[in-house]
Amino acid sequence: MVAMKMQINGKATGACGSESFDVKNPATGKLLEQVPLGTEDDVALAVEAAASAFESWASTSPQQRGVIFYRAAGLVRERKEEIATLLTQEQGKPLAESRNELEGFAHVLEYYCGLTGSLRGDFIPVPGNGYAFTVSKPLGVCAAIIPWNMPALIMGWKIAPALISGNTFVLKPASSTPLTNLTLASILNEAGLPAGVLNVVTGPGETTGESLVRNPRVRKISFTGESRTGIRVAELAASGMKRVTLELGGSDPMIVCDDANLESAVAGAIRGRFYNCGQTCTAVKRLYVFESVANEFVRKLEAGVKNLKVGNGLDKSTDMGPLNNRSQMEYIKELIAEIKEKEEGKIIIGGKAPEFKGWDRGYFFEPTLVSGVPDDSRLLKEEVFGPLLPIVIVKNLDEAIEGANRSSYGLGASIWTKDLDRVRIGCEQVNAGIIWINQHLKIAPEVPFGGIKESGFGRENGPDVLSEYLESRTIMLKT
Ligand code: NDP
């Protein structure tokens, strides 16, 4: 085991306090790596490095920056198997999902290369003898705090628009998944990013994360994670007048109407809920099915779930890996215990940790379906980040929409129907940042992504996100 270092000013760096913390494999409980326990001094050094690199990076052309991105995307693809294995080992997801995620990371870099031509200002005709122009300038040092569920993809969403716009960056990964982020940062450096343009500091959110948000030289923070943490980040950022993007929790409803193609809805629900062991912000977290098709749908869903193979993500036959960390496992167990204790719901399938022989120290939990939960159940109110799907039977679309909108979250939602009127009504009335029709979970860097209500504000991806990393200056010229 080789201890992995932070990336500060283009160099692999240990922590100022020389301490480190363990990163463990969630499938085996075994130690995978040790990484530096970053301190406030390390954050200060990383921000200083990013600030020193800013002027020179901002004066490169967007096309030069794009060349580095293309090169990095190529290097990630060349090393995909090695990095996917690392991602599976630290995060738990099956190898196929890790490969997809890395492909997504490379694709994000390439997408922003294609947008370099749109980094420009405007010409505005004004009355009288003169002209008005706007020019777009990068902000300076930007930062992100990211979670452990999709560490590679979310890193791409944060760094790519910021760097291509000429900003420099400090990233704080989640403490259970820093290894893929450190590896990807070193690849970007190898691809030609000048020293200090991208820095990665590892360490606890409460200290390292907060001191990054507090640092007065950081001009923008992009955060993905739990809503309560997002509120804390927003409070700290507000006192420093910093820009913020918050991509927070979700409790996405999936509405299955009586005219839906049930086979594809069943496949959509299985992928939507159990991909990444249910730890996706836009996972299907509540299922509303019309009563006239409920029996058939639930029977088919149960049969599909029974076929899912739970195991170590490195095993080729695994469909669903472990939860990422102990607190996720404890949370899911607590919800199940509460259902049983209060007799509020029926466990159709799953509801316990699987019994393995030989390697049973991981955070495994069986894919679980629950029916008959009351409206005020925690399963319907909270962001359940794990393989647990509550099924609610509804009479019609009105009742489904009422249930869907009862959540304080508003990230994604899906409606499964062939009826265009139902599509229109659903799109108008369901409160969510993304509405899918006859699919769930599909995301792409070309498409704006983000939520409403407690799911946060600001958007990631798509061309408009560049304006989140640029400030417009107006020039008025008199001739
Ligand atoms: P957190 O919001 O605590 O963690 C996300 C990131 O924020 C991590 O990098 C974490 O660092 C950092 N962080 C934690 N506390 C602070 C702080 N005070 N200031 C600045 N940064 C901080 O989520 P958890 O990992 O605890 O997961 C708990 C729940 O959050 C999940 O069950 C799920 O419901 C939700 N979640 C939602 C995600 C989404 O994509 N919508 C993603 C991940 C979680 P560190 O790892 O060092 O603690």
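Summary of computed values
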read-out: Unit charges on C-beta of K, R, D, E only; dipole of the range 272-353, Debye; value: 220
read-out: The range 29-69 versus the range 211-271: alpha-carbon centroid distance in Å; value: 24
read-out: Label-point gap, in nm, between ARG424 and LYS309 - each point 7 angstrom along Cα→Cβ; value: 4.8
read-out: Overall Cα dimensions of the chain, principal axis frame, Å, largest first; value: 73, 63, 40
read-out: Zero-based 5 Å bins, Cα pair distances in the range 252-444, whole percents; value: 1, 8, 18, 21, 21, 16, 9, 4, 2, 0, 0
read-out: Highest to lowest packing among 114-126, 28-40, 142-154, 340-352, scored as the average C-beta count within 10 Å; value: 142-154, 28-40, 340-352, 114-126
read-out: Unsatisfied cross-links (Cα-Cα over 22 Å) in the set LYS395/LYS453; LYS158/LYS220; LYS346/LYS381; LYS93/LYS442; LYS24/LYS306; LYS172/LYS220; value: LYS395/LYS453; LYS24/LYS306
read-out: Exposure proxy order (Cβ contacts within 10 Å, fewest to most) of THR479, THR245; value: THR479, THR245
read-out: Modelled FRET efficiency - R0 45 Å, ALA337 with ILE437, Cβ distances, 0.05 increments; value: 0.75
read-out: Of VAL305, ASN25, ALA283, farthest towards positive along the dipole that unit charges on Lys, Arg, Asp, Glu beta carbons give the chain; value: ASN25
read-out: Given charges at Cβ of Lys, Arg, Asp, Glu: the chain dipole, positive-most of VAL197, ILE434, PHE169; value: VAL197
read-out: Beta bridges per DSSP with both ends in the range 252-444, % antiparallel, nearest 5; value: 10
read-out: Part-to-part distance (alpha-carbon centres) for the range 122-147 and the range 396-417, which is given in Å; value: 39
read-out: Computed over the chain: relative contact order in percent, which uses C-alpha pairs under 8 Å that are six or more apart; value: 19
read-out: Check: the range 252-444 dipole with +1 on Lys, Arg Cβ and -1 on Asp, Glu Cβ, in debye; value: 660
read-out: Convex hull projection area averaged over all views, the range 1-116, Cα basis, nm²; value: 8.5
read-out: Two-site label geometry, ARG217 and ALA96: point separation in nm, points 7 Å out along Cα→Cβ; value: 4.6
read-out: Dipole magnitude of the chain about its Cα centre (Cβ charges: Lys, Arg +1; Asp, Glu -1), debye to nearest 20; value: 860
read-out: Projected-area mean, the range 428-479, by convex hull of Cα positions, square nanometres; value: 6.3
read-out: Computed lengthening from GLU263 to PHE356, 0.36 nm per intervening residue step minus Cα-Cα distance; value: 30.4 nm
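All of the numbers you see were taken from the coordinates with simple rules; none came from a lab. Every value quoted in this text rests on a predicted model; they were computed, and no experiment measured them. Glycine also receives a Cβ, built like all others from the backbone with ideal geometry; neighbour counts cover every protein chain displayed.
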